[in-house]
Amino acid sequence: MQIARLGIASFVMIVGILGFSSLGFSHGDVTPQAVDTAGITPLGKDWLVENPFTKKTKPKEIKRIIEVGCTAYNQNCARCHGLGVVSGGTAPDLRYLEKDAYGDEWFISRVRKGYHQNGTTKMPAFEGLMPQEAMWALRAYINIRPEDDDEAAVKGTGGSCAELDFDKILK
Ligand code: HEC
């Protein structure tokens, strides 16, 4: 009797611990990392709905933008959307987002507001945690990731920001 009760108590405890730790992982309550946007021209206070970082942006600044986007991605998005922007299935693969203005608008609204369903946070809101320069840098980084999985994993550096190959990226 005594043993049986103990057994149940520890079983409940283990389930409790497992439940808690998996909650931590799946619901994004990990402290978001500040993003250093030094070197990127400030975009002003009004929220843009189209990516201001385009092929017309000076190559030197684009390099910095993509580096910032890569770092911000690894620190804030990779744990759900996958290293190197190759999704493992937990959250959508962001390489397949529309690349046009509609895609820009969708992207920025999701990143600002996050995604909440039935009272749970599936994706945290990033507005107030990072400036829009960082969000558009994220978009610029995601856009240069190869859609082909093998290419993304091998040539695309698999997520290492130090190994970004700008000769290829800026071609
Ligand atoms: C805690 C996990 C989590 C984190 C962290 C997270 N996301 Fe998400 N994200 C999700 C989930 C889950 C969805 C799918 C929501 C839905 O059903 O539309 C999503 C959806 C999105 C979408 C819409 C995708 C589509 O196909 O429509 C974008 C864009 C996005 N996330 C960008 C980001 C960016 C950028 C970051 C980092 C700044 C980030 N997310 C961080 C979980 C996360």
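Readers should treat all values here as calculations from the given coordinates under stated rules, not as data from a laboratory. Small disclaimer: the values here were computed from a predicted structure and weren't measured. Positions of Cβ are backbone-derived with ideal geometry, glycine not excepted, and every protein chain shown enters the neighbour counts.
If you take the charge dipole of region 36-171 about its Cα centre, with +1 on Lys and Arg Cβ and -1 on Asp and Glu Cβ, which of 77, 40, 90 is farthest toward its positive end?
Farthest along the dipole direction, towards plus: 40.
Grab the eigenvalues of the alpha-carbon gyration tensor for region 33-169, scale each by 5, take roots, and send me the semi-axes largest first in whole angstrom.
Values for region 33-169, descending: 21, 20, 13 Å.
5 Å is the cut-off here: which amide hydrogens, built 1.01 Å from N in the peptide plane, fall below it relative to residue 145, excluding neighbours closer than 5 in sequence?
The answer is none.
Which of the peptides 39-48, 138-147 is most tightly packed, and how do the rest follow, going by the mean number of other Cβ atoms within 10 Å of each residue?
Final packing ranking: 138-147, 39-48.
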